[in-house]
Amino acid sequence: MDVKDTGTDGDDSKIKTEDQPGVSVNSLKQNHKFTLLLQNKIKRKNLSEHESEGPKPKKSKSVANKPSSSKHEIINYNPYWHDYELLVGTQSINDTVARRLIKLFDEENTIPFIARYRKDQTGDLTAEQLRDIKDEYDNIKLLKTKIRITLNNINKQGQLDSKLRKIILGVHSVEELEHIYAPYRPGAKKTLAERAKALGLEPPALTLLEGAESVNLERFINKSNRDLSSISEVERGIMHIIASIMATDCEVLALLRKLRIESFFMIECKKANTRRDDRIRNYRSTRQIVEESKYANYFTFSASSKFIKPHQVLAINRGEALRILSVKINVPDFLNNKFVQFATSKWVEKEKGDKNRKRILEMAVSDAYKRLLQPHIVREVRSSLKLQAEKASCEVFSTNLKQLLLMPPVKGKCILGIDPGFSNGCQLAMISETGSVLTTGNIYLSSKTPEKPIIILAQMLKTYNCTLIALGNGTACRETETWLSELIQNNTFSPLDVVYTIVNEDGASIYSCSSEAKREFPSLDPKFISAVSLARRLLDPLAELVKVEPKHLGVGMYQHDLPKRQLEEALDEVVTECVSFVGVDLNTTSRCLLRHIAGLSDKRASRIIQYRDDNGPFKSRSELKKVKGIGSKVFEQCSGFLRVGPANSIAATEFYKDSDTNRLDCTYVHPESYNTAMDILKHFNLDIASIGQPHFIDYIKLQIDTLDMDQFSSSLSQSVGTVRMILDALTQPLNYDLRNESVSGPLFKKGLSSFQDLKVNSIVSGNVSNVTHFGCFVDIGVGTPALIHSTKMCGFTLQIGDKVEAKVISLDEGNKRVGLLMIRKM
């Protein structure tokens with residue numbers, strides 16, 4: 001019978017207090033201070049088996065570690081560390097915050113909700129920091145699951161003894177667990193230690209290791225067995241058993257883990273041996289051969305593990321997987337020296353009961369390091385680098401996606417979307433100020449009558465008084481841009497002052513053929529849906545881009561090398577954060593936006609829309625509770641990010657006559673804090689009917705400057721974080737949109753530069769379209785993004801959407817590459 005793991009790190013009252021045996025806690029980037037703290041636990045006396053699991057009959061030494069084979073035996077699954085300890089060791093948070101966060105995560109609170117409404121419990125951590133901590137907590141839970149599975153698997157084999165159980169419960173990473181479990185994995189090749197044990201050499205090996213008495217090894221010689229045919233063969237088998245024990249010792253693993261964290265390793269990379277890969281090379285396609293040139297920078301490459309860049313790690317790993325590169329990790333000699341010192345102190349010098357003991361143990365120490373521990377260190381170094389690089393790549397993608405989603409909308413204007421093309425022509429779609437489709441059309445730039453496309457375009461613009469054009473950056477973009485630029489410069493659309501901007505169309509064609517698009521435009525040809533999407537990406541980027549899978553938006557770095565599930569989960573978190581923090585109007589939002597609100601799902605979003613269709617507009621946030629599937633927990637998570645209010649200022653008077661309405665529903669004050677908000681209004685003698693008005697906002701801002709926040713919060717029996725959040729919300733107009741604070745936005749143009757017009761030292765301007773660890777890509781309107789390398793940034797930090805001015809420092813017309821030197825932000 002298995003014992004359920006009842007340890008709950010998120011609840012302070014349930015935290016274990018017994019002094020369990022353990023070593024320094026660490027994951028892939030352990031905090032050194034915490035390592036030293038937990039190392040002190042090694043000095044304490046470990047609990048014996050009868051102390052940690054209850055009284056047991058006294059057993060002789062020969063059966064004390066007998067493998068457990070009973071299916072009914074109780075197994076202790078609790079590791080020798082707590083979840084919060086691992087978080088403290090890997091994240092820059094203290095014990096209290098770590099325990100609170102675990103409790104919040106276990107209670108299924110979303111990151112946007114925690115980031116905005118639980119700041120007092122988290123120490124004001126950002127959403128990005130919370131995502132990192134949650135990822136690490138998920139890794140901890142995964143490790144605990146793997147520990148449980150490993151213990152069960154070994155127990156079923158009848159090989160789980162008390163020593164092995166202690167070792168497994170003391171591991172602190174999946175790599176360590178796999179290192180220990182390797183010999184017991186079903187189908188695994190028997191290790192040298194297992195072979196020696198099968199020969200009956202375990203008892204003399206343990207006796208020698210403990211050093212309590214001398215052992216006559218000659219009596220184990222068996223001439224009929226090749227592996228026992230001489231004293232040297234016997235000693236070799238014993239050495240392998242002792243080396244295995246040393247290589248899986250908790251304290252040894254903790255020492256090497258600490259040394260690995262503190263050390264740096266040289267990564268050497270070179271071109272793979274082609275002679276060894278003749279068979280593969282002979283079958284390579286031309287494309288694969290050409291691909292080798294992409295890795296030329298790594299044919300003679302070396303870097304320290306402390307300074308190698310994430311994109312370099314991912315490139316090297318990919319090149320190695322393609323057998324273009326070979327990689328070597330050089331382990332510093334001092335790790336071997338430290339291990340030898342430790343092992344000598346712990347085992348070799350323990351007793352001197354046998355004249356051969358020291359020699360055999362010294363051989364075992366050497367064998368343990370060279371054959372078992374050094375490869376383990378290399379695997380952990382590479383795994384650590386890979387995880388860090390994947391995390392960095394994921395962060396780049398997430399950051400770029402967030403900046404792309406939070407681009408400020410272009411409100412209050414009709415917009416013409418143009419999806420350019422050659423054979424199929426350019427698809428046109430005109431949308432209104434609210435995003436509804438007004439008309440569509442098609443023009444061919446190669447028409448035999450050049451005037452025809454001009455007439456169609458001009459008529460469409462003038463009919464709807466449209467001055468903004470969103471041009472997709474796909475096939476025929478530059479030809480269409482040249483044509484459009486000439487028309488604008490020739491005043492073809494006069495008296496309209498028409499401008500255009502290039503819109504990234506990544507994912508637009510995929511969306512136009514999706515089931516989502518068919519539901520929204522049941523009677524519209526998919527070729528026009530792409531043009532509609534381009535125009536809407538200018539009108540409201542967030543509302544339109546959430547319809548496309550984030551991986552199709554083209555703003556990442558080596559994202560195709562990342563685990564699919566990891567990338568999708570990270571990007572979904574970013575989309576949820578952006579949609580939630582911007583907020584949506586519960587009476588006008590689409591299902592696509594609504595399903596990304598924290599706490600909601602596609603099914604719940606559909607039910608909300610259905611309720612709205614059946615019962616009319618929502619009058620308050622609390623009405624959400626009437627929707628099937630919206631319980632108290634879901635309402636808690638989502639309600640603060642949903643706004644309920646009038647369509648415009650003109651309708652406000654009539655809307656708020658209803659007693660069920662509440663102006664706080666149009667702010668980001670959470671319903672759980674409405675009573676506190678009313679107390680604040682009462683304190684300042686303010687009327688709730690004035691919320692959002694200019695004089696109200698100015699008065700609140702003036703009072704904030706004179707408040708003693710600690711004393712004021714105490715008088716309201718609330719935390720400073722909660723009161724500050726309410727006051728901040730009251731200083732914003734109703735339906736406040738945080739995207740309006742962004743200085744980034746689309747770059748509207750009337751003219752054009754072609755690649756041929758560029759010269760070295762030319763000054764150009766453009767919008768940042770992608771950000772990576774090695775630099776930023778800028779759309780300067782010449783058909784290919786120009787690169788500002790990280791060494792040419794001149795101290796600037798850029799993000800997607802930033803307008804920049806730069807100098808051309810290199811041109812490669814053959815490969816269409818432009819190198820820039822940063823001058824200034826515009």
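For the reader, a short list of remarks on this structure follows.
- Additional length obtainable on full extension of the chain from Leu438 to Asp658, 0.36 nm per residue less Cα span: 75.7 nm
- Our estimate of slack between Glu107 and Phe684, defined as 0.36 nm per intervening residue step minus the Cα-Cα distance, is 204.1 nm.
- Distant-in-sequence amide H partners of Gln718 (H built 1.01 Å from N, under 5 Å): none
- Counting DSSP beta bridges with both ends in the chain, the antiparallel % (nearest 5): 80 percent
- Measuring against 28 Å, Cα to Cα, the residue pairs Lys163/Lys370; Lys258/Lys391; Lys189/Lys223; Lys328/Lys807 contain Lys328/Lys807 as the ones spanning a longer distance.
- Ordering of 245-258, 521-534 by packing is 245-258, 521-534, highest average first (other Cβ atoms within 10 Å, averaged per residue).
- Highest to lowest packing among 292-304, 504-516, scored as the average C-beta count within 10 Å: 504-516, 292-304
- In the stretch 691-826, taking the dipole from charged Cβ atoms about the Cα centre, the farthest positive-side position among Leu811, Leu787, Leu738 is held by Leu811.
- Relative to the 2.2 N^0.38 Å rule of thumb, the stretch 250-403 has a C-alpha radius of gyration ratio of 1.38.
- For Thr439, residues with placed amide H under 5 Å, excluding near neighbours: Met430
- Inter-label distance for Phe796 and Val174, nm, one decimal - labels placed 7 Å from Cα along Cα-to-Cβ: 4.0 nm
- Here the Debye sum runs over all C-alpha atoms of the stretch 354-454 as equal scatterers in vacuum, and log10 of I(q)/I(0) at q = 0.11, 0.16, 0.24 Å⁻¹ comes out as -0.69, -0.91, -1.15.
- D by Stokes-Einstein for the stretch 785-826, Kirkwood Rh over Cα pairs, 25 °C, 0.890 mPa s: 228 µm²/s.
- Modelled label reach - Lys355, point 7 Å along Cα→Cβ, the stretch 212-232 residues with backbone N closer than 17 Å: 213-219, 231-232
- Between 0 and 90°, nearest 10: helix 127-156 axis offset from the chain longest Cα axis: 40 degrees
- Isolated cysteines of the chain, defined as having no other cysteine beta carbon under 4.7 Å away, are Cys250, Cys269, Cys394, Cys426, Cys477, Cys513, Cys578, Cys592, Cys638, Cys666, Cys776, Cys794.
- Förster-model FRET efficiency, 56 Å R0, Lys270 and Glu218, C-beta, rounded to 0.05: 0.65
- Degrees between helix 357-367 axis and first principal axis of the chain (Cα, 0 to 90, nearest 10): 20 degrees
- Stretching the chain fully between Arg371 and Arg817 yields a gain of 155.7 nm (0.36 nm per residue, less the alpha carbon separation).
- A straight Cα-to-Cα reach below 15 Å connects Lys386 with the aspartates and glutamates Glu175, Glu320, Glu395, Asp561, residues fewer than 8 places away in its own chain not being considered.
- Only DSSP H runs of four or more residues enter the estimate; each adds -39500 (n - 2.57), and after division by the residues of the chain the mean residue ellipticity at 222 nm equals -13000 deg cm²/dmol.
- Sorted on the mean count of surrounding Cβ atoms within 10 Å across their residues, most packed first, peptides 176-182, 813-819 read 176-182, 813-819.
- Relative contact order [Cα under 8 Å, 6+ residues apart], the chain, whole percent: 9 percent
- Every pair of different Cα atoms in the stretch 415-539 enters the Kirkwood calculation, which places the hydrodynamic radius at 14.4 Å.
- Cross-link pairs Lys103/Lys166; Lys134/Lys402; Lys119/Lys633 - those with Cα-Cα distance over 25 Å: Lys103/Lys166
- Here the Debye sum runs over all C-alpha atoms of the stretch 755-825 as equal scatterers in vacuum, and log10 of I(q)/I(0) at q = 0.14, 0.17, 0.28 Å⁻¹ comes out as -0.34, -0.50, -1.44.
We did not get these values from a lab; they are worked out from the coordinates using the rules stated. Keep in mind that what you see is a predicted model, and the values were worked out from it rather than measured. As a convention, Cβ positions derive from the backbone with ideal geometry for all residues, glycine included, and neighbour counts pool all protein chains shown.
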